[in-house]
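These notes concern the structure reproduced below.
What follows is calculated from the coordinates using simple rules that are stated; it is not laboratory data. Computed from a predicted structure; not experimentally measured. Don't worry about glycine lacking a Cβ; one is built from the backbone with ideal geometry, like all the others, and counts go over all protein chains shown.
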Amino acid sequence: MTVNSEQWPEMILKPVGLVRNDIKEPMLKAGEQGLELKIRIEKIREYHQQIKGMMSELVINPEFTDLLKGIEEFSHIIVLYWPHLIDPARRHNLKEVHPMGREDIPKQGIFATRSPARPNPVLVSIVPLIERRNNILLVKGLEALNNSPIIDIKPHSLSYYGSETPSVPSWMEQIHRELGN
């Protein structure tokens, strides 16, 4: 079955806010040959643990402050954000990558990975909500870069997003073990 994309409606996304934190550079870079790890592989676990403990501020545009009413009653939120430093030409050319830039793991299709280099690079993270201060949400463990545009925020609830027993391929289990997840 083919899909005629000319019939699809135009999509326009506008940021609702920005991420503020100390992450200035991505861990992965979309290069000519796929994803390139910008830190030594031995340092990945240390980097990941640092991120898990890092605080980020989600600075929501003041015009959307009223939309945050009640969010502080949730322990976790889902943050959808845009990886703004990825070159659009690079992300459109990548079809398959070694997950996390690791050549010891066979190439996978982009949709089978959590790669930030994708046709529509919408990234999603579930993070603990620590505090709300008017239009600023303080969260822990968000891997977004400083100044990443926030597309949306949703409350996290297992009854909506939980899966009873999700399965993942062995290469992803290996990555999770190595990162201490």
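Modelled this way, with points 7 Å down the Cα-to-C-beta line, the labels at E73 and L138 are 2.2 nm from one another. Here each label is just a point 7 Å from Cα along the line to Cβ, and for L13 and V124 those points are 1.2 nm apart.
The stretch between L85 and T165 holds 25.3 nm of extra length on full extension. This uses 0.36 nm per residue minus the Cα-Cα distance. Rounded, prolate or oblate, given the Cα gyration tensor of region 72-140, with a/c below 1.5 counting as rounded? Judged from the Cα gyration tensor, region 72-140 comes out prolate (a/c at least 1.5, a/b above b/c).
Each of T65, T2 was scored by other Cβ atoms within 10 Å of its Cβ. Listed from fewest to most, they are T2, T65. The length gained on full extension between Q174 and K154, counted as 0.36 nm times the residue separation minus their Cα-Cα distance, comes to 4.3 nm.
When each of the peptides 94-100, 49-55, 69-75 is scored by how many other beta carbons lie within 10 Å of its residues on average, the order from highest to lowest is 94-100, 49-55, 69-75.
Stretched out straight at 0.36 nm per residue, the stretch from Q50 to E63 would grow longer than its current Cα-Cα span by 1.4 nm.
For region 102-165, the set of GluC sites (Glu not before Pro) satisfying both a DSSP loop assignment and a count of at most 12 other C-beta atoms within 10 Å is given as E103, E164.
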